[in-house]
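Okay, so here's the structure we're looking at.
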Amino acid sequence: MRAITSAAFWRCALLLPYVLAQDEAATAPSSSASLLSSISVVIPSSVSSAISATALSSSAPDISASISSFFASASSSVSASISESSGSSVVSAPITASSAVATPQVTQPRIIPPISSYTFSPFPVPSDVPLPPVYPSVDPSSPPDVGESTLVIPDFGPAWKAAYTKAKAKVAGFTLEEKVNVTTGVGWQGGRCVGNIAAIEPIRGRGWPGLCLEDSPLGVRFGDFVTAFPAGINAAATFNRRLIRARGLAMGQEHKGKGVNIALGPMMNMGRQAEGGRNWEGFGGDPFLTGEAAFETILGMQQGGVQACAKHLVGNEQEHFRTTSSSDIDDRTMHEIYAHPFLKSVMAGVTSMMCSYNLINGTYACENDKVLNDIIKREYGFQGFIMSDWSAQHTTISAITGLDMTMPGDITFNSETSYFGPNLTDYVNNGTIPESRVDDMATRILASWYLLKQDSSSYPATNFDAFNPDKEETNEHIDVQDDHNTVVRQIGAASAVLLKNEKGALPLGKKDRSIVLVGSGAGPGKAGPNEFSDQGGSDGVLAMGWGSGTANFTYLITPLDAIQSKAREFHSSISWFFDDFNLPRAGNMAKKRTTALVFLVSDSGEDYITVDGNEGDRKNLTAWHGGDALVQAVAAQNNNTIVIVNSVGPLILEPWIDHPNVTAVVWAGLPGSEVGNALADVLYGAWNPSGRLPYTIAKSVSDYPAQVNLAGNNRDVLSIPYTEGLNIDYRHFDSFNITPRFEFGFGLTYTSFAYSGLTVTKVQTEATPAEQPLITAWENGNATAIGEGSSRALWLHRPAFQATFQIKNTGQVFGGDIPQLYINFPASSGEPPSVLKGFTNTEVSPGEKTSVTITFSRYDLSIWDVEHQGWRKPAGKIGVSIGASSRDVRLKGTVPV
């Protein structure tokens, strides 16, 4: 394991093109008037002229003329919490009501929060009242059982209240400088973790031990003796809440065991573009699936003792120009698609969120008042804290617009300057930012620490050194792996998606007397599993993408290792050929073999690493290393060619998918360190395939609703209009009647299932006197009222309806099925034809039948009302479809509303 320099894994991608000249690095101005005149912005003239005319204007603009319906109804609640003493001002760009955004501009002006003298009032804490058994008071260390996830909504309110009481008492004893210290990282490589908050002495008295923040969403980055878990996309492909929770719990335990306070995950950006570089870190192309996976992951991680961090807030769907592009998202799409997983994160009790690099509708995410304050803290009632992505902060005024913590603390790496730190102190002392806001920032951070009981003397101290892994004085080499290889192997098998299986090709067994493995993806890399810094390369089996979302492999079981071991049980002969480009030899190796296994890979990651011309995002959707030609060469010589795909996301399979000699395809994804064993379990039938696609595999790249926008220049703000609106992934294919190669939710098994007997009924519950008028108003088509925590109200999310049906295993072997529930909204609602709102997993023996119930809520039947800024039931009949995928509908019914 090697020490990694900052240049090796962030490079100049994080040298932000818009850097406020370090006015704050010098002495802060003494009055708001001098503040306005002293700020210097390094920015192109084409942009600066527009900014000076709007955001930095000395006179407040007309809100009614400047802000669309997305901001208008919320402006009163926001200004009640944060307001300028001199009047109102636009701090976020408008978000239009229409999901059909006008013709995009290539560039747009950046809107900067104005510098003035602000007042602050904390957001009221949502008045949550536990209501067992559906809304029990719980602590993060003991969440509801995963089997109750669709029936029980955890109420973390009392636990947060107790944590806030402790935090306020602690903060009351801090000086202003110490409170600011709590909000400010020590700077890049300034501590043993990727992010560090300094201690306040004495740490066991009036002080505090500080914080260790560490990547990643699939394991402890830079740690030794840790587990490399399956990627988020594989967790989603299981459609199995139990396994997703177990993965989160194991990751939480490992982070805690290494002395990490805050684990920087899960990642929940949407797979809007199939080529998106970091899609594999998240949970796919559907907001409901992503939200459920985020919910279970967070419950598991925080049960394990570490604080989870929901990221990246929000609209960070591509790597190209991520620091100079604006994700222009309309209000309805923001609420129904991109913000939804963050709502589910709040409902899971998440303690922290990370704002993203990009702009949102012209305002940088980490200073976007609408998103941070109004949606997250007001509408969702979030009681934790929001940190910046590394060097994603742009102004000190971001403290007013909702940012609570700056990471890693310095403006640019090793600059020894900070937008917080002494400058935040100075802004308080000169009356620009009220100290009450700093109190709120520090309280949120400390309350999160108390919520996870990290004040306990038994909580492990940091025992590794991310940047100096070979330094014995700071690395204790603590083994935190436990038996987590079992979870990794199970998820690896459960996430494998069987796309094709003809002529009885799978499972393998005694019939497969001679097997050849072809392709570099079957074997080890040339220099071990950690050959490339942050996994930024590919010359062997692919088990994770690259970037900050990675972990080191303590070990890696290759397909060759596992298949050769398993084949010995059947006395099969095994050969292999790892040269991807010697096609004649590959074909000859496959000739006269009973079975040929061809391994394809496709990799991607974060934009600070470029691999084979792929700058984070993939430059195409074809298999790497000439994989398509490799399949064709082998299939030309072998009539039982089985293709195994380890890919970060969709590929175009048309060159060979219908080849008569390609008898089976297994989509294995990124299964982590047990990649070989998990694959062998599926190939040999120890695990009957149950994975389902968490995205759509198209026949052509042009069939997808959006592609990576490459029109930027890293100087001007690149506008990326989300013109597809609600029609992301399978919704787009359904709305425009485009036939995919393999649809969202698709997956075969070694058996078969029949569905029957659907009934859709109301769940009989007794509403409280306070809830009944709200329920009645919703049933009459009225939008929910604006208020603190309004979008996570119990009556809106508790199970209100249920679909019950039977599933029979009509095949010959035991297996699991993933029934999926889709809501069919009336056409007048503006929704796509089918929208996933439920799923479960069930296991059935041959010839047996089981009853399945999937519940859904009023929220699941609601659309976002832009005009009234609330959730409402659309007029008309609402249908329910039960099926094995988004297009394989088996049963239909109607919701009794």
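The values are calculated or read from the model by the stated rules, or taken from the named source; none is laboratory data. None of the values given here were measured: they were computed from a predicted structure. Methodologically, a virtual Cβ is constructed for each residue, glycine included, from the backbone with ideal geometry; neighbour enumeration extends over all protein chains shown. Please note that ligands, DNA and RNA were not included when accessible areas were found on the heavy atoms of the full protein model with its side chains. Shrake-Rupley method; radii C 1.70, N 1.55, O 1.52, S 1.80 Å.
Structural remarks
- Within segment 753-894, the ratio Rg/Rh, alpha carbon atoms throughout and Rh by Kirkwood, equals 1.04.
- Peptides ranked, highest mean first, by Cβ atoms within 10 Å: ranges 393-399, 164-170: 393-399, 164-170
- Label-point gap, in nm, between A770 and N714 - each point 7 angstrom along Cα→Cβ: 5.3
- Theoretical ellipticity at 222 nm over the chain - DSSP helices of four or more residues, -39500 (n - 2.57) apiece, nearest 500: -6000 deg cm²/dmol
- Residues A827 and N468, FRET efficiency given R0 of 60 Å [Cβ-Cβ distance, rounded to 0.05]: 0.50
- Computed over all pairs of different Cα atoms, the Kirkwood value for the hydrodynamic radius of segment 695-743 is 12.1 Å.
- With Rh defined as the Kirkwood radius, the inverse of the mean 1/r over Cα pairs, the Rg/Rh of segment 233-273 is 1.05.
- Measuring only protein heavy atoms, the 1.4 Å probe finds K453 accessible over about 100 Å².
- The mean sequence separation of alpha-carbon pairs under 8 Å and at least six residues apart, normalised by the residue count of the chain, gives a relative contact order of 15 percent.
- Taking only the C-alpha atoms of segment 353-478, the Rg (one decimal) and the largest Cα-Cα distance, Dmax (whole number), read 16.6, 48 Å.
- Accessible area per residue in Å² at 1.4 Å probe, computed on the chain: 32
- Size of segment 252-366 from its Cα atoms: along the principal axes, largest to smallest, the extents are 39, 25, 24 Å.
- For segment 494-536 versus segment 298-332, the gap between their alpha-carbon centres in whole angstrom: 32
- Segment 440-461-segment 169-240 distance, computed between alpha-carbon centres (Å): 10
- Stretching A162 away from L176 to a fully extended chain increases their span by 2.7 nm, per 0.36 nm per residue minus the current alpha-carbon distance.
- Compactness ratio for segment 306-400: Cα radius of gyration over 2.2 N^0.38 Å (N = residue count) comes to 0.99.
- Over segment 606-683, volume per residue of the alpha carbon convex hull, in Å³: 100
- Note on the chain: dipole from Cβ charges, positive end direction compared against A235, G712, S121; the farthest Cα belongs to A235.
- Potential lengthening of the chain between A785 and K762 amounts to 5.9 nm, from the contour at 0.36 nm per residue minus the alpha-carbon distance.
- For segment 423-507, the average shadow cast by the Cα convex hull is 12.8 nm², which is a quarter of the hull's surface.
- S121/A875 FRET efficiency (R0 51 Å; Cβ-Cβ; nearest 0.05): 0.85
- For K168, the aspartates and glutamates whose Cα falls under 18 Å of its own Cα, not counting residues fewer than eight places away in the same chain, are E177, E178, E201, D404, E435, D439, D440, D455.
- Size descriptor, Kirkwood hydrodynamic radius, that averages inverse alpha-carbon separations across the chain, Å: 27.8
- Computed about the Cα centre, the dipole magnitude for the chain is approximately 2200 debye when only Lys and Arg (+1) and Asp and Glu (-1) carry charge, each at its Cβ.
- Counted over all Cα-Cα pairs of segment 488-528, pairs farther apart than 15 Å make up 68 percent.
- Per-selection Kirkwood Rh - segment 192-254 (Cα, Å, 1 d.p.): 13.7
- Ignoring lysines fewer than eight residues from K566 along the same chain, the ones with Cα atoms less than 17 angstrom from its Cα are K510, K511.
- By average C-beta atoms within 10 angstrom, highest first, the peptides 275-288, 820-833: 275-288, 820-833
- Heavy-atom accessible surface of segment 753-894: percent carbon and sulfur, 1.4 Å: 47
- Listed cross-link partners K592/K619; K500/K837; K453/K762; K503/K526; K591/K808; K258/K837 are compared with a 29 Å cut-off, the Cα-Cα value being larger for K592/K619; K453/K762; K503/K526; K591/K808; K258/K837.
- For the peptides 724-733, 540-549, 765-774, the ranking by packing is 540-549, 724-733, 765-774, with the highest mean count of neighbouring Cβ atoms within 10 Å listed first.
- Using a Förster distance of 30 Å, the FRET efficiency for T804-T739 (Cβ separation, nearest 0.05): 0.40
- Rg and Dmax of segment 429-476, Cα atoms only, in Å: 17.2, 47
- The mean sequence distance of close C-alpha pairs (under 8 Å, at least 6 residues apart), as a share of the length of segment 564-649, puts its relative contact order at 38 percent.
- Annotation: the antiparallel percentage among DSSP beta bridges lying fully within the chain is about 60.
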